[in-house]
Amino acid sequence: MLNRRALRVKIMQSLFAYAQCKEADYQLGLEELDTRFQPDLTSMEVQDRESLSNLRKESKAQFNLRFKNSKTPDHAHPDVNSSVEKALKNYEGRVRKDLLFFKQNLVIEVERINELYYSVLGLLTAFSDCARADAKVNHKNLIENPLIKALASHDDLNRSLSRTTFGWSEKMNQVRGWFKDTIKADQDYINFISLESPTQEDNKTIINHIVRKLILGSDSISDFYQEHDIRWAEDKEIIKGLVNRTLKSFDGTTMTLQKLTLDWEDDRDFMEKLFSGTVNLNHEHHALIAKNTKNWEVERLPLTDRIILEMAIAEMTLFPSIPVKVTINEYIELAKQYSTPKSRQFINGILDVIARELKASGEMKKSGRGLIDNK
């Protein structure tokens, strides 16, 4: 099941990608100005290359100044002003487009985990279809496996697969290749189909083995998922847990599909609110980070650390029901897993100080469960 820590990871990754896109958009603005003041090689008139070179340098300098401070006075040269104004407008347009994409894609990425989960279950029944069509080997034990039968007849699973891009009916050539090269060649599978009368435990064991070792563990099948999910390395563990609980729910006849979260509407609201709150963190909060990072400017912090600090502040101030200690511990874990070796202690110390300052200023107000351990 997808927990709040996994959601925070998804948000952090989206914010990191968004920050990188903003930097790329900024560089595109500079390149736009560089192109604007290049000599016109098609012109019959003599080009003043020195003048154009100066205008390129001055337009980039003006762009940097305007980027940091919109109230920067105009440049003396009108072409510089108009070019910089256009470059800034184009930059802002690209950033808005990127922001909308990452905000929408954040939810889509999480919902996509469900599709991947259904596809793994569907792949088990697709392998059974391959076994049924193989006249050279007796795959009766797989075809008659009660867990496979329960999946094949599961109406909700079949409906879900029909609505996703991960149904296998259009990819059976690839499935047959996996069945031949991965499933049939596996020694545990060979031993299973040779059993005269598999027990219930045998049936469960082989399905778990196929999922864990052959579908989620083999290079060829895992590579397929990696191509379709850039977060596969992390999502795979979530999917493994969902599939495992599904198989455990088998009562001899039916299985229960698992929910991605206990309350998806609430979790989606958490994601959207935390993402937007971090993106729109105000100047005072950025200044609070800068003040407590030993005079480092916020822009000079490692990007991952900066995002972690910004997310933590947004969470502390926007979610009254989340205890401060929970927030701090969660972001320490993110730093431990995704940032530099020294980041864990750095994040811990900074957030502890920032939390006290936010509480003292009245910006952080907790209620209900959020009051736990906030002393």
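Values quoted throughout were computed directly from the atomic coordinates according to the rules given, and no laboratory measurement underlies them. In this text, all values refer to a predicted model and were calculated from it rather than measured experimentally. Ideal geometry is used to build each Cβ from the backbone, glycine not excepted, and the neighbour counts take in all protein chains shown.
Numerical summary
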{"read-out": "Charge context of ASN138, other residues only, Cβ under 13 angstrom, K/R +1, D/E -1", "value": "+1"}
{"read-out": "Dipole in debye (nearest 20) - the chain, about Cα centre, beta carbon charges: Lys, Arg +1; Asp, Glu -1", "value": "920 debye"}
{"read-out": "Residue-count net charge about ASN348 - beta-carbon cut-off 14 Å; Lys, Arg +1, Asp, Glu -1", "value": "+1"}
{"read-out": "Candidates per GluC sites (Glu not before Pro) in region 95-178, loop by DSSP, up to 16 other Cβ within 10 Å", "value": "GLU144"}
{"read-out": "For region 122-179 versus region 316-375, the gap between their alpha-carbon centres in whole angstrom", "value": "47 Å"}
{"read-out": "Spatially proximal lysines relative to LYS136 (Cα-Cα < 24 Å; intrachain offsets below 8 disregarded)", "value": "LYS149, LYS171, LYS180, LYS184"}
{"read-out": "Over 18 Å between alpha carbons, listed pairs LYS10/LYS336; LYS325/LYS366; LYS22/LYS71; LYS204/LYS240; LYS68/LYS89", "value": "LYS22/LYS71"}
{"read-out": "Residue (of PHE166, SER339, GLN187) at the positive-pole extreme of the chain, dipole from beta-carbon charges", "value": "SER339"}
{"read-out": "Most mobile listed residue (ALA19, ALA133, ALA335) in the chain, GNM with C-alpha springs under 10 Å", "value": "ALA133"}
{"read-out": "Helix 232-248 vs. the chain, principal-axis angle (Cα, 0 to 90°, nearest 10)", "value": "30 degrees"}
